[in-house]
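**Q** Below you'll find the structure I mean.
The values are calculated or read from the model by the stated rules, or taken from the named source; none is laboratory data. These numbers were taken from a predicted model, which means no experiment stands behind them. Heads up, the Cβs are rebuilt from the backbone with ideal geometry, glycines too, and the neighbour counts pull from every protein chain shown.
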Amino acid sequence: MNALHQRMQELAARRGIDLAALAAADTGESPLGTGWTVDDPAAARREMAEAVLAAEMRGTFANAQPDHPEVARWVSELIEQGPDAGDRLPWLTLMGATGRGKTHQAYGAIRALSMAAARRPGSYRPYRWRIVTHPELSAALRPKSDKSHEYALEIYEVADLLLLDDIGAGSLTDYGREGILHLVNHRYVRRLPTIFTTNLNEDGLRDAFGDRVPSRMNEGVIVVVDGPDRREAIGEWR
Ligand SMILES: Nc1ncnc2c1ncn2[C@@H]1O[C@H](COP(=O)(O)OP(=O)(O)OP(=O)(O)O)[C@@H](O)[C@H]1O
Ligand SMILES: [Mg+2]
């Protein structure tokens with residue numbers, strides 16, 4: 001392995017990504033010139049998916065499972081039918097007040113879908129899932145001198161599965177609203193699996209984005225996550 005390969009492997013490893021295993025999972029052998037092969041590429045793909053989930057989902061949602069019955073049903077239908085097969089748009093919108101567990105369900109759904117993709121026979125490339133909050137997206141879209149905002153949407157447009165967390169949270173600028181409308185429409189026309197969480201109801205979404213966003217969400221599944229504020233139950237503000 002030359003110095004460049006070594007450096008790339010180290011950088012990827014720091015993000016929890018094993019480049020050699022990834023390449024080997026596709027071809028059965030490593031193109032990095034290490035000369036080793038993987039006996040069980042399917043197992044390597046599963047381990048890879050688990051490693052990425054563990055690296056990216058540290059903290060609060062590290063063990064989140066999609067245990068809400070309607071969320072569980074959405075996940076299993078998507079796994080059974082695949083994103084292209086069903087009549088219904090493969091979108092899930094989780095609505096509800098703060099602390100009800102919307103983000104928890106969304107992370108759980110991503111974990112289940114990512115592992116199902118890794119287990120699917122003949123899946124030779126990594127399943128690209130992404131999570132972004134609306135405030136993070138707004139910050140990324142804010143015009144900057146390095147022009148990075150011009151490319152900020154791309155990774156969210158092409159993701160196999162996207163969680164747009166907290167849509168409608170925080171202040172909306174014109175470019176923020178434009179960006180979200182563009183992203184939503186991009187994923188709508190391609191029928192790309194997308195999960196939204198929001199504190200807003202349908203009217204609130206309409207006020208924030210106009211009719212086009214809630215109208216598209218309606219073609220998918222909408223789940224109201226209610227119950228008590230779970231943070232109140234576990235927190236200290238009593
Ligand atoms: N099903 C669950 N099992 C165990 N803990 C949960 C569950 N759902 C939520 N929690 C915990 O409750 C807290 C609030 O959940 P979460 O952040 O998902 O709420 P939310 O509805 O997204 O709130 P917000 O609207 O403020 O973003 C978190 O600490 C989370 O780990
Ligand atoms: Mg949340």
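To keep it simple, each residue is scored yes or no on (1) in the same structural domain as Ala13 (by TED's automatic domain parsing); (2) buried (at least 16 other Cβ atoms within 10 Å of the Cβ); (3) away from ligand 1 (no atom under 12 Å from the Cβ); (4) of a type in the set (Asp, Glu).
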{"residue": "Pro66", "(1), (2), (3), (4)": "no, yes, no, no"}
{"residue": "Pro69", "(1), (2), (3), (4)": "no, no, no, no"}
{"residue": "Arg88", "(1), (2), (3), (4)": "no, no, yes, no"}
{"residue": "Gln105", "(1), (2), (3), (4)": "no, yes, no, no"}
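**Q** Pro143 versus (1) in contact with a His (Cβ under 6 Å, 6 or more places away or on another chain); (2) surrounded by 14 or more Cβ atoms within 10 Å (Cβ to Cβ): which is the lone unmet condition?
**A** All conditions are met except number (2).
**Q** Now, a different point. Based on this model, can you work out whether Lys102 counts as modelled with pLDDT of 90 or more and over 19 Å from the mean Cα position of the chain (by Cα)?
**A** No.
**Q** Name the single residue, out of those in the stretch 90-102 being under 13 Å from Val223 (Cβ atoms) and within 7 Å of ligand 1 (Cβ to nearest atom), that is surrounded by the fewest Cβ atoms within 10 Å (Cβ to Cβ).
**A** Looking at the filtered set, the residue picked out is Gly96.
**Q** Output the residue which, of all residues in the stretch 171-191 that are surrounded by 14 or more Cβ atoms within 10 Å (Cβ to Cβ) and over 28 Å from Arg125 (Cβ atoms), is modelled with the highest pLDDT.
**A** Filtering first and then ranking leaves Leu181.
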